[in-house]
Amino acid sequence: MKSALAGTLERARSTFSTISLGQKVVIGLLLVGLLLGGFFFFRWITTPTQAPLFSNLASTDASAIVDELNAAGVAYSLTDGGQTIMVAQDQVYNLRLTMSGKGLPAGQDTGYALLDKQGITTSEFQQQVTYQRALEGELSKTLEALAGVRAAVVHVALPKDQVFVTEQAKPTASVLLDLAPGTTLSGEQIQAVTNLVSSSIQGMNPDQVTVADSTGQVLSTAGTGINAAAGDARSQVEQEYEARLAANAQQILDRVVGPNHAAVSVRADVDLSSKQSTSETYTYTNGTPPLSSSSTKESYTGSGTPVGGVLGPENMPNAAAVAGGAAGSTYNKSQTTDNNAVDKTTTTLEAPPGALKRLTVSVVMDDAVARSLNQQQIRDLVGNSVGLDAARGDAISVATMPFDTTAAKQAAADLAAARAADASAQMWSMIRTGGIAAGIALVVLLVWLRSRRREEIEEEYEPLELTDDMLDELDRLRISSTRDEPKPDTRAMELEAAERQKVRGEISTMVSERPDEVAAMLRGWLSETKA
């Protein structure tokens, strides 16, 4: 067993000694690469997969859990700013049970969980306060779910119901938002906050919610509406409208005076208030039969004066009149009432926000190229492209002035320099990459050529043509190197000295003329001797 192992090692050592230096370097690099790859693969295989143990932890709970993990010697990692603790996936459930047995995470009861702790002896005041706290906690959780909001504090003022008061007080709310660094809320997001809070409380209007951030900036003021949201919406509508009109006018001017020789500025006053109006119109068509008709007739015939007039001494009839009227009197009355069919038209108009109140346009052209142009034609072209209405009070102004091209020239020079620098950096990068690749290719080529040359030499090796005397002398030298020869007598040595000297001279000449063939033959002898 030991002899076989020793023979295998000896053959491996002999084979390794016959290869060239370049091949040894390549084999060494391959072995190092295999070892490093195996090491990293082993690390990747043996590394346990981590999963969240707890997330969204308070700082106190995270500190207590980390202390328990350190005491137990459990490996962990913190993510999400220390609010999430990651452990090995196969230990998650056991660690959760262990931490739960120790009361971790302790947390803080908020939201509607507070209502679960009320007892029979709880007073009405305590019930009201607990309900208000629960409502505030639930709203805080809801707002913290918004992107960019790290924490939210909500305070609600709920007025008491009054029996003998005609107008009840409206509930109000205040919201304080702790935003993540670099986060700003847009007008739509502020409006979403106010709508979420107002919709969760009965009887609350969105304009009764005050919103502020942690820097003290007021985003929405109670009683005045959503200031920031309304301002952002107005600004966005105006900017989009102005940009669209300016692009239409700029496109025409670029065709007339060329690019970068004209500038257009449009200012639009947009009305974002919504309006609603209702009107009713009644019409009657002649010849239409009435819906209903009624007539009344009265007649009287007899003596005496008909009763009428105003009661009083000055209106008392005298005796002559009474005597004359006693002869006889008549009274007839006729009345007709028709209910005609009348057409009724009710019109309700709703004007959406975004109506244009006034538009002003300013045009300036480069004096070098627009000096000979007709400004009235330019004014008409630009006015038609933006939809100018003089009756609405719109105005336009056109002027020609010399343009300052210093900044444009400097920007062009900087851009050219930056492009040249990028091209130079890219060229040097390519040169470095090409040099490294050429060096590696040259090393590989040299190693390949050297090994190829050695193979060709070994393939072109031809057996040496040696005489019998030279073979005997070389064989005697080979045998004498492996064992001790018996000492010859002096007379035999003297007789053979001249012959050996001649043979050795021929061998030396052959070694000088054909060293590669001699070396190959000697290596073969040594291998046979060791075997």
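List of remarks:
- Virtual spin-label span in nm between Thr184 and Arg358, 7 Å along Cα→Cβ: 2.8 nm
- Between Tyr282 and Gln376, full extension at 0.36 nm per residue minus the direct alpha carbon distance yields a gain of 28.8 nm.
- Cα→Cβ-extended label distance, 7 Å offset, between Leu442 and Ala412, nm: 4.5 nm
- Stretched out straight at 0.36 nm per residue, the stretch from Leu146 to Lys102 would grow longer than its current Cα-Cα span by 12.6 nm.
- Only alpha carbons enter this Debye calculation for the range 38-86, each as an equal point scatterer, and the log10 of I(q)/I(0) it gives at q = 0.20, 0.31 Å⁻¹ is -0.69, -1.14.
- Solvent exposure ordering (accessible area, 1.4 Å, most first) of Arg500, Arg514: Arg514, Arg500
- For the peptides 38-48, 69-79, 356-366, the ranking by packing is 356-366, 69-79, 38-48, with the highest mean count of neighbouring Cβ atoms within 10 Å listed first.
- If a spin label sat at a point 7 angstrom from the Cα of Ala51 along the line to its beta carbon, the backbone N atoms of the range 68-102 nearer than 15 Å would be those of 85-98.
- Heavy-atom accessible area ranking, 1.4 Å probe, most first, across Glu144, Glu350: Glu350, Glu144
- If R0 equals 56 Å, the separation of the Cβ atoms of Asp254 and Trp44 corresponds to a calculated FRET efficiency of about 0.40.
- Residue separation of Thr509 and Gln335 scaled by 0.36 nm, minus their Cα-Cα distance, works out to 46.2 nm of gained length.
- The Cα center of the range 340-392 and the Cα center of the range 166-192 differ in position by 38 Å.
- Glu167-Lys297 FRET efficiency (beta carbon distance; Förster radius 45 Å; 0.05 resolution): 0.20
- Two-site FRET efficiency, Glu499 against Leu449, from Cβ-Cβ distance with R₀ of 35 Å, rounded to 0.05: 0.20
- Placing unit charges on the Cβ atoms only, positive for Lys and Arg and negative for Asp and Glu, gives the range 43-102 a dipole magnitude near 140 debye about its Cα centre.
- Label-to-label distance for Ala247 and Thr18 is 7.9 nm, based on points extended 7 Å past Cα in the beta-carbon direction.
The values are calculated or read from the model by the stated rules, or taken from the named source; none is laboratory data. What you see is a predicted model; the values in this text were computed from it and never measured. Every residue, glycine as well, gets a Cβ built from its backbone with ideal geometry; the counts of neighbours run over all protein chains shown. Surface accessibility is based on the protein's heavy atoms, side chains included, excluding ligands, DNA and RNA. Shrake-Rupley method; radii C 1.70, N 1.55, O 1.52, S 1.80 Å.
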